[in-house]
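Enquirer: Submitted below is the structure of interest, expressed as structure tokens.
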Amino acid sequence: MHNPPVAYLFLLLAIAFEVGGTLLLPASVGFTRLWPTLGVVVGYVVSTAFLSQAVKGMEVSVAYAVWAALGTVAVVALGATFLSEPITTAKVVGTLLVVAGVVVLNLGGAH
């Protein structure tokens, strides 16, 4: 079992690879372009491998919630920055609600 700092390092790596894979999805054009498709697959496989290591040192419910929330925030921010996606009120509110759910889970729901 990993200690918590190592588990969080694995979790951050899982998030980074998942976000990278997700950002390559538009470039894959429905998995019709080889290199972006391989990037998506590698990103998701490596992300899952790191996530599996992270849960050796933390509850899976917490790991998955943090993974989903930080991944969502990163994809929204990077999508706006690099993919010219609009930042709408609904997108901001929805993202804040996801983050709020993770905070509640970490403050008491999972412990």
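Enquirer: Any chance you could look up the accessible area of GLU59 with a 1.4 Å probe, heavy atoms only, rounded to 10 Å²?
Expert: Per-residue accessible area (GLU59): approximately 80 Å².
Enquirer: Is the C-alpha gyration tensor of the range 48-111 telling us rounded, prolate or oblate? Criteria: a/c under 1.5 is rounded; beyond that, a/b larger than b/c is prolate, otherwise oblate.
Expert: oblate
Enquirer: So for the chain, averaging the separation of alpha carbon pairs under 8 Å that are six or more residues apart and normalising by length, what relative contact order in percent results?
Expert: Rounded, it is 30 percent for the chain.
Enquirer: Continuing with the same structure: Relative to a virtual label point 7 Å from the Cα of LEU96 in the Cα→beta-carbon direction, which members of the range 45-71 show backbone nitrogen distances below 19 Å?
Expert: 69-71
Enquirer: Using a probe of 1.4 angstrom, how much of the accessible area of the chain is carbon and sulfur, in percent?
Expert: Taking all protein chains in place, the chain shows 77 percent carbon and sulfur surface.
Enquirer: Shape of the chain from its Cα gyration tensor (a ≥ b ≥ c, root eigenvalues): rounded if a/c is under 1.5, otherwise prolate when a/b > b/c, or oblate?
Expert: oblate
Enquirer: Once every DSSP H run of n ≥ 4 in the chain is given -39500 (n - 2.57) and the sum is divided by its residues, what mean residue ellipticity at 222 nm do you get, rounded to the nearest 500 deg cm²/dmol?
Expert: -26500 deg cm²/dmol
The values are calculated or read from the model by the stated rules, or taken from the named source; none is laboratory data. Everything numeric in this text was worked out from a predicted model, so none of it was measured. Cβ coordinates were reconstructed from backbone atoms using ideal geometry, including for glycine residues, and neighbour counts include every protein chain displayed. Only protein heavy atoms, including side chains, enter the accessible area calculation; ligands, DNA and RNA are left aside. Shrake-Rupley method; radii C 1.70, N 1.55, O 1.52, S 1.80 Å.
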